[in-house]
Each structure stands twice: as structure tokens, then as C-alpha cells.
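As C-alpha cells, the structure follows; a few thoughts come after it.
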Amino acid sequence: MRKLLIWLPLALFLGFIALFSSGLFQPDDRIIHSRLVGQPLPAFTLPAAASDRPPLASSQLASGQPRLLNIFASWCVPCAAEAPQLDALKAAGVQIDAIAIRDARPDVDAFLKRNGNPYARIGLDARSEVQIALGSSGVPETFVIDGKGRIAYQHVGEIRADDVPMILDRLRAAQ
Amino acid sequence: MIAETGLAALWLAASLALLQLVLAFIGLKGSKPDLLAAVRPAAVAQGVLTAIAFALLITLFMRSDMSVLLVATNSHSAKPWLYKFAGTWGNHEGSMLLWVTVMGVAGAAVALFERALRRDTHMATLGGQAAISLGFYAFLLFSSNPFARIDPAPADGQGLNPLLQDPGLAFHPPTLYLGYVGLSVAFSFAIGALLTRQVDASFARAMRPWVLGAWVLLTLGITAGSYWAYYELGWGGWWFWDPVENASLMPWLAATALLHSVTVLATRDALRAWTVMLAVVAFSMSMVGTFLVRSGILTSVHAFAVDPTRGSFILGLLALYIGGALALFGWRIGAVREGAPFELVSRETMLVINNLLLTVILGLVLIGTLYPLMTEAFGHKVSVGAPYFDRIAGPIALALMIAMAAGPLVRWRRDQARVVGKRLLIPFGIALLLSSLVSALVWGRIGILPFLGLVIAGSVAVASLAPLWKRNLRRTPLFTYGMVIAHLGCAVSLGGMASDSAFTVEKLVAARPGDMIETAGWQLRFLQIQPLAGDNWTALQADMEVRRNGATVTIHPQSRFFASPPTSTSEAALLTRWDGQLYVVLGEEVEGGRWQLRIWWKPFVTLIWLGGIMIALGGALALLGRERRGWLMKWRARAAA
């Protein structure tokens, strides 16, 4: 027994070395893969965030057609930078819904007036609860939702001009 | 010329380390014991040479010699002198040079000042120290040469991470390194003792001051690092369970356990194998920490050098040294006799409990730190955050505090449970009183951990003073005072942590100049925002008038922009009062000329670091007390002769 105990530290340490070397030679992967991809959206019902758009519930996202769910906030600068790309996607016939995070209706109205309004429905997530349930850690983020209401892809950060074809491909693949 | 001299000094030091190792080996094993006479001079010369190399690198940074690659990539001529100076170790190569310098100087100190150790163990220890140093010399010279030139020399440097442009950086890493690498001495002592089969009380008495010294510095380094993160990162937190912080905490936990077990070995000649094991583990944790940080296999805000070659190099060193030491342990410790036995109710048992709890925390922190790596090996990505560590380590740390309070009240060797119970009556009475008081005041408003923290801090503070009870205070030895102060420091620090997490008031506002903000009894008037220029930065500064039923003070939180490299940092404004700190961070401008302001009132948060300083002070007093007793005994022996 004592004999075994004496060699235990060395055995443990060799295990660590094996672990370290496997970690060291694994290629770096800095892309964030959501664990929710392929999963149905968490159920939510949100009040309207803007004066001229209806509120949003998760059931409405299972519409038979793939669509985008954009997470934004009126106080978020990259969200304004993303607006032209969302307009371009809308012009390409994409349905876009949105959730405004930690926001207030007058602020959202002002933001949409300034940056354009590509959204069909906008829900207000005043305490980030739905955002957390979606596994989103910041704004902006965009989810591709397939026709059955499942998450097909999560885009972290703003959609840049050269991301637009990729997003369109993802939507087509989610058909 | 300076760079070349530095490199030459480094090569020479490395050769001396090799010589030191070979001399010690042949002297102890071979037929030429007189070779041992040269081991100590070699160690001293090696220490001097590393110090010279390090001084020369500092000179290069101070002169902004851009023909040296390291200076060009990490410094800038416009930088204030203190940061040029601190920039020497604010990068991978420089900090590794600091590492070997500390190791070399510590080896020299062991050669010069260690008198209590048996000669053959002393020589084996120096041989061990040389062997470890050699690997790090090789690492420095073959893969991280700090003195490499760049041709053509750039016109100016690329600056330094602005987060690191802070007076804290000038002191925090060197202190931490002194402690971190100082533990290499304990490691070498363990190797030496295993080689000469001298694991006994006199070995422990010789090792104890070195462990104490390293532990004091490590404690100071961690305390300073925690305060630096607190005010520089602007998140209002003081510990983030970041891999790099864990890398400094793990050696500290092991060293704290070692400190107590070495006392058991020195006083009672018990816990032999365990003490040797801890001495190996403590420095191993330093090396593992360095590997985790330097190899980039874990992502951290500190991530220094992401370079798989360097990572493999350090991994090789780890395998060689830790694996070698553990193998030596397994091979030799069987021959070490079991130490003296002790009763169940005794100081020894309390210290064993302390050791077990510390080791469990160490294991949990290690697992939490490595867990992302383990799951990644099986294709899953997770990160382990503060909630895990808080929830897992918190309760055990609280149990440890109770053991710490009770331990000094139990006698060595054998004690009676009934008598111990009597001695513990007062602290536990106070705990009862305190908990009813605290619960009456805040029940339901604070979490269970902060609540227990407050109660335990209060009772442990009282209990830690108990060893002085009914003693002649003038005749109480200095190291007893040291222990009392260090234990009291733990209670003070715990009190600060609990108070911070229980009572902190946070307020996030968007305010216009002219606005009045009220929070936690403070009134803040936001006067204006104005631009400001520093040595190598520009800033937006908020001027705010702050008052709390009394005189008005002005504070200036800043948002700083550094030109080289272009980065912005926030400089929090801190206002310290006896009962806490007001912490104000200036955020970004939002619409309509409003500015984000984050305001915290943190009651008694400063106790966290005050406690840390007390712990280190206690350690220093204990060290001084033990050494002084040694001097006195020597002096008396000489006087008697």
C-alpha cells in the first residue's frame, strides 16, 4: 500500500505530461462553436421593443422558411455599423427578426430611425434573459434559424460586408 | 557591446552551473571528495554572473538601445523611466532572465549562508540547484535569448502593453518571482536530502528559513498582484481565478502547507515523506504555472508568449525535473524511516488537517485550471469560471480557517480533548455572539458564504490572539508573534473578502456634466470632462466632486489612450476611507453628451490587502525570530567557550 502511494505522484504527473503534450500540439481553434447549433430555440415571448413593429415569440420563428434572428441594442456601436449589411440581406429577400437587449422603446425607435429598420418583429429583452438562454454573450450576434425553429448557425460580432454571401449560403443550407 | 557582454555573462554562468553539478556529483559519488571545495565558489560566481547579465539588460532598456530586438519590441523612447526599467521584465525573455537570475542568486545565497545543513546534503542541494538552473539557462540561450540584436535597428520601439504601464509592475513581478523561484531552494533541499538519505529534524530546521523567506515574498507578490488587478483592470474585482493568478496561488498553497509540515518535522521529527513531497510539489507548481502561462495552451488575459517551440521546451524541462524528482522520491523515500508517532489530539494532528485541507484546495484549483485542457482532449470546449472556484474552494477555505484558529491552541505530541475544548470556548463563544449579531443585522440580505465568512473572520481573529493569552508578552518569542500576526492577517483578509462580497454597492449610470449621483451615502457631482496629456498617452478625465456628510474631495477617473501600441485603458479613481473604498470608472460616451460611470462603494475592501501584508509580516517576524535565536545560541556558545 505504502509502496503504491509512493509512486502515485509520479504516475499522476506522467498523466499531466501526456495531457499537456496533447494540448500543446493541438492546433489552435479560435472560432466559437455554439453548443446550441442543431437545437430548437429556447421558448420565449417578448414584448415589442419598437413602436411600429410587433413583438416577438419563439414560436413565430418556426415559420417554415429559414430566417435570421439578430441580437442588437440601441446603445451598441457595432450594431449601427452592421445596419447596411442587414439592409442588404433584407433586399435579398431574407426575413429578419430581432431582439433588443437591455433597451428602452424610445431609444430603439431613435436607433431604427437613424440606421434603418430591416426587422419584421422586434422583441425587447430588458434583462438579457433570452440572450443568455440563446448562449449569446454580446451584441451584435445573429442566428440563422431553420424552418422548424432550430438554430442552424450563430454569428458572433457584427456581420461585415464580406460575411453577407456566407450568411446567404447558411440560409440556403438551412432550407 | 553591452548586449554581447550580457550574453557572455549568461553563457559563463551556464558553464559554471554545469561545472557545479559535475563537481558536486564527482565529489559525492566518486573518489575525489576534495573537489567539493569548489562547489560553493562556483555557486557564488554563478549568482554574480546572472546578476550582471540582468543588470546589463536593465541598462539596455534604460538606454532605449533599439538595436536589441527585445528592447525594440517592448520599449519606446518616450516611455517614462520607471516603465523602461520595469519593461525589462514585462516580456517573455526578460522575465525568464529574471527567473534564472533569482535562481542563480538564491543558489549563491544557499552556498554562502547555509550553515546548519550537513555538508554532504549541502553539496547535494547545490548540485540539485545547478541541475535545475541548467535547464533554464538552456531554455534562455537556445530559445529565448534576451540579448539578440536586430539589424537594421528600428528608429523607435513598439511600446509596452499599457496595462503594464503602472508602478505596480515595477514591484509585483519581481517580488512574485523571488517567491516563486525561491521555492526552487526547497526543491533542491529535498533532492539533496533524498540523495544523502538525510530526511530528519535537522534537515527541516535548515530548510525552514528558506521556505519562510520564499513564502513571505510570494505572499507579498500575490497581494500586490491582486491589488494591481483590482485598480488597473477597472472591473472592481480583486481575484479573477485567471490561469495566471492560479499559477501563483498553487505554489503559495503548497508552500503554506510545506511551511507548516516543515515545522512538524523540525519540532517533532514527524511527517518526513510528506514534507519532502511538499517541497517537491511547491516548486513543481511554480514550473507548471510557468508552463501554462508561457506555452499559450490556456487562454488568459496574461497570455505572454504563444509559441509551441517554447512550450515544448518548458514541457521537456518539466518532465525532466518534476518527473526526475518524483522518481527519486519513489526510489529513496522507502528507505526513510517513519518519523515519530503522535497522538490523535495533538498539534501535529491539527497541522496534518491544515495540510490536507490546503492540499485539497490546491488539487481543486489545479483541476479547475486544467479542466478546459482535459475536456478539449476529448473534443469538448468548456471554460471554468469563478463560480466553480468560489463554490468549491470557498467552503474548504473556511474550514481551513477554523482549523488554523484551533491549531495553535493544541499542544504538541499529546493533549486532552476536554482541555482543548475549554481553550476553544472563548473563540467559539464569540463566534456564536457574532453570528447572532450579524444575522440580526443582515440575515437574508447576503449569501451564505459571505455570512459564514464574516462570522468566521471575527471568531478566528479573536482565536488567533489566544496563543498570547496569559503569557508574559515581553518574553514571548518573536516567531510566536509572527504566527499570531500571520493568522490574524488571514482573518483580516477573510473579513475584507466577505465584507466586499456581502456589502458592495454597485451603480451604473449615464450622466451629463452637472449631474448629481447618489449612492451608498455618497454624493458625487459630475463637474466636467476634459482632455489631458501624459508622457506617452492622452486621456479624457472626468472631474468629480465627492462628499459624504463632510468635506468635499475631487476625484479624477480617466480613460487613457496610448499611442504605441494604440490601446485604451481605464484608470479608476479610488478614494480610500477607513471603512472602505469608493471606486469610480469612467466609461464611454453615450448619446446626448452622457458618459457611462460605474461606481462602487466597497466597505472594508482594503482589509483584503492589509491582511495579505500582515501575513507576510508575520512570516518575516517568524523568520527573524528563528534566525535571531540561532545567532543568540551561537553567541552564547562562543561566550561560554
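The values are calculated or read from the model by the stated rules, or taken from the named source; none is laboratory data. Keep in mind that what you see is a predicted model, and the values were worked out from it rather than measured. Every residue, glycine as well, gets a Cβ built from its backbone with ideal geometry; the counts of neighbours run over all protein chains shown. Ligands, DNA and RNA are stripped out before the accessible areas are found, and what is left, the full protein with its side chains, is counted by its heavy atoms. Shrake-Rupley method; radii C 1.70, N 1.55, O 1.52, S 1.80 Å.
For this structure, a couple of remarks:
- Lone qualifier among B:Leu494, B:Leu478, B:Leu508 - being more than 30 Å from A:Trp75 (Cα to Cα) and surrounded by fewer than 22 Cβ atoms within 10 Å (Cβ to Cβ): B:Leu478
- Residues that are of a type in the set (A, V, I, L, M) and in contact (Cβ under 8 Å) with a residue 60 or more places away in the chain within region B:610-640 comprise B:Leu610, B:Ile613, B:Met614, B:Ile615, B:Ala616, B:Leu617, B:Ala620, B:Leu621, B:Ala622, B:Leu623, B:Leu624, listed in sequence order.
For (1) open to solvent by 40 Å² or more (accessible area, probe 1.4 Å); (2) aromatic (Phe, Trp, Tyr); (3) out of contact with any Ser or Thr (no Cβ under 8 Å at 6 or more places or on another chain); (4) assigned to a loop (DSSP other than H, G, I, E, B), each residue gets a yes or a no:
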| position | (1), (2), (3), (4) |
| --- | --- |
| B:Gly339 | no, no, yes, yes |
| B:Leu344 | yes, no, yes, yes |
| B:Leu358 | no, no, no, no |
| B:Thr375 | no, no, yes, no |
| B:His380 | yes, no, yes, yes |
| B:Asp390 | yes, no, yes, no |
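- Selection count, region B:548-565, where residues are surrounded by 13 or more Cβ atoms within 10 Å (Cβ to Cβ) and touching a strand residue (DSSP E or B) at 6+ places or on another chain (Cβ under 9 Å): 11
- Test: residue in region B:611-628 that is within 28 Å of the chain's Cα centre (by Cα), of a type in the set (Gly, Ala, Ser) and at pLDDT below 85: no
- Count - residues of region A:41-62 that are surrounded by fewer than 16 Cβ atoms within 10 Å (Cβ to Cβ) and over 17 Å from the mean Cα position of the chain (by Cα): 7
- In region B:583-600, the residues that are within 10 Å of chain A (Cβ to nearest Cβ) form Cβ pairs under 9 Å with partners that are surrounded by fewer than 22 Cβ atoms within 10 Å (Cβ to Cβ) and modelled with pLDDT under 80, at six or more places apart or across chains, as follows: B:Gln596/B:Glu588; B:Gln596/B:Glu589; B:Gln596/B:Val590.
- Number of the condition not met by B:Arg626 [criteria: (1) in contact with a Ser or Thr (Cβ under 9 Å, 6 or more places away or on another chain); (2) within 25 Å of B:Thr219 (Cα to Cα); (3) surrounded by 15 or more Cβ atoms within 10 Å (Cβ to Cβ)]: (1)
- Residue in region B:327-383 that is nearest to the other protein chains (Cβ to nearest Cβ), counting only those that are farther than 16 Å from B:Val199 by Cβ and among the acidic types (Asp, Glu): B:Glu376
- Of all the listed residues (B:Arg337, B:Arg332), the sole one being more than 24 Å from B:Pro372 (Cβ to Cβ), of a type in the set (Lys, Arg) and at pLDDT 80 or above is B:Arg332.
- Residues in region A:151-167 that are assigned to a helix (DSSP H, G or I) and under 16 Å from the mean Cα position of the chain (by Cα) were compared, and the one that is surrounded by the most Cβ atoms within 10 Å (Cβ to Cβ) is A:Ile167.
- The single condition among (1) in contact with a Pro (Cβ under 9 Å, 6 or more places away or on another chain); (2) closer than 26 Å to A:Ala174 by Cα that A:Gly116 does not satisfy is (2).
- Residue satisfying all of: in region B:106-121; open to solvent by less than 10 Å² (accessible area, probe 1.4 Å) and not aliphatic (A, V, I, L, M); farthest from B:Leu212 (Cα to Cα) among these: B:Thr121
- Tallying residues that are under 12 Å from the mean Cα position of the chain (by Cα) and either surrounded by fewer than 22 Cβ atoms within 10 Å (Cβ to Cβ) or of a type in the set (Lys, Arg) (or both) within region A:96-150 yields 6.
- Only one of the numbered conditions (1) more than 9 Å from chain A (Cβ to nearest Cβ); (2) modelled with pLDDT of 80 or more is not met by B:Ala319, and that is (1).
- Strands (runs of 3 or more DSSP E) wholly inside region B:514-557 that include at least 3 residues being of a type in the set (A, V, I, L, M, F, W, C): B:522-533, B:537-547
- Scanning region B:86-97 for residues that are open to solvent by 10 Å² or more (accessible area, probe 1.4 Å), in a helix (DSSP H, G or I) and without any contact (Cβ under 8 Å) to a residue 12 or more places away in the chain turns up nothing.
- Residues of region B:209-255 satisfying the condition of being surrounded by fewer than 23 Cβ atoms within 10 Å (Cβ to Cβ), over 13 Å from the mean Cα position of the chain (by Cα) and at pLDDT 90 or above: B:Pro209
- Single match in B:Leu437, B:Leu398 (criterion: under 30 Å from B:Asp242 (Cα atoms) and either in the same structural domain as B:Leu465 (by TED's automatic domain parsing) or open to solvent by less than 40 Å² (accessible area, probe 1.4 Å) (or both)): B:Leu398
- The one condition in (1) buried (at least 21 other Cβ atoms within 10 Å of the Cβ); (2) within 18 Å of the chain's Cα centre (by Cα); (3) within 13 Å of chain B (Cβ to nearest Cβ) that A:Leu69 fails to fulfil: (3)
- Within region B:46-55, the only residue that satisfies the criterion of being surrounded by fewer than 23 Cβ atoms within 10 Å (Cβ to Cβ) and in contact (Cβ under 8 Å) with a residue 60 or more places away in the chain is B:Val48.
- Taken over region B:20-39, residues that are touching a residue at least 12 places away in the same chain (Cβ under 8 Å) and either more than 25 Å from B:Gly6 (Cβ to Cβ) or surrounded by fewer than 21 Cβ atoms within 10 Å (Cβ to Cβ) (or both) amount to 9.
- Top-ranked residue of region B:257-271 - restricted to ones that are open to solvent by 10 Å² or more (accessible area, probe 1.4 Å) and part of a helix (DSSP H, G or I), ranked as farthest from B:Ser493 (Cα to Cα): B:Arg268
- Checking each residue in region B:350-381 for being without any contact (Cβ under 8 Å) to a residue 24 or more places away in the chain and more than 19 Å from A:Gly15 (Cβ to Cβ) picks out B:Leu356, B:Lys381.
- Considering B:Ser64, B:Ser77, B:Ser143, the condition of being at positive phi and either of a type in the set (Gly, Ala, Ser) or free of Cβ contacts under 8 Å to residues at least 40 places away in the same chain (or both) is satisfied by B:Ser64 alone.
- Count - residues of region B:67-83 that are open to solvent by 30 Å² or more (accessible area, probe 1.4 Å) and either of a type in the set (Val, Ile, Thr) or in contact with a Ser or Thr (Cβ under 6 Å, 6 or more places away or on another chain) (or both): 3
- Meets criteria (touching an Asp or Glu at 6+ places or on another chain (Cβ under 6 Å) and either hydrophobic (A, V, I, L, M, F, W, C) or touching a residue at least 12 places away in the same chain (Cβ under 8 Å) (or both)) for B:Ser133: no
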